[in-house]
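To start, the structure itself, in structure tokens.
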Amino acid sequence: MAARVVSLCRLPASPEPGLPQRSSVPGHVWRGASGREYAHSVYSLIECPPLPMAGYVLVRRDQRGQCRPLCVGIGQSDARTLNLAEVRQRGAQAGANEVHVHLAAASEAERRLIACDLRAGLFGTLTSTADAEASEG
């Protein structure tokens, strides 16, 4: 009987057109309530490029380099510039200075599941959880 090793982890997504290559963008890993870790690309709120339908965490990074998550959301539009406008507006309202973008989700259902996992994992530190859920409903 032959054995075969099967990896259940998802391979890194191919780079999205129009977004900087992963090697040139700093990253951050956020952990959900499930214990699963999600790699995010880090952009400043001002320099963030137009975004595809992707999950994101709005973050306030202080002068010491520590980051505090403020809000978890999902881009809802096929128009990347509309997603960026929403992220910048919500970020400005929440006091964010960074956007951490998760691009590896393969479907809308997976994006929503990841966002819920992150919200539950970051519970108590988020300031705008209700607002994020209302805008996605």
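The values are calculated or read from the model by the stated rules, or taken from the named source; none is laboratory data. These numbers come from a predicted model, not from an experiment. Note that each Cβ is placed from the backbone with ideal geometry, even for glycine, and that neighbours are counted across all protein chains shown.
Inspection of the stretch 73-91 identifies no residue that is in contact with a helix residue (DSSP H, G or I) (Cβ under 9 Å, 6 or more places away or on another chain), at pLDDT 95 or above, part of a strand (DSSP E or B) and among the acidic types (Asp, Glu). Only residues that are in contact (Cβ under 8 Å) with a residue 40 or more places away in the chain, within 22 Å of ALA120 (Cβ to Cβ) and in contact with a Lys or Arg (Cβ under 8 Å, 6 or more places away or on another chain) were counted across the stretch 42-69, and they come to 6.
Within the stretch 113-137, residues that are farther than 13 Å from ARG90 by Cα have Cβ atoms under 6 Å from residues that are at pLDDT 75 or above and among the basic types (Lys, Arg) in these pairs: GLY121/ARG31, counting only partners at least 6 apart in sequence or on another chain.
In the set LEU51, LEU58, which member is surrounded by 19 or more Cβ atoms within 10 Å (Cβ to Cβ) and assigned to a strand (DSSP E or B)?
Only one candidate qualifies: LEU58.
Scanning the stretch 104-123 for residues that are surrounded by 16 or more Cβ atoms within 10 Å (Cβ to Cβ) and farther than 12 Å from ILE74 by Cβ turns up ALA104, ASP117, GLY121, LEU122.
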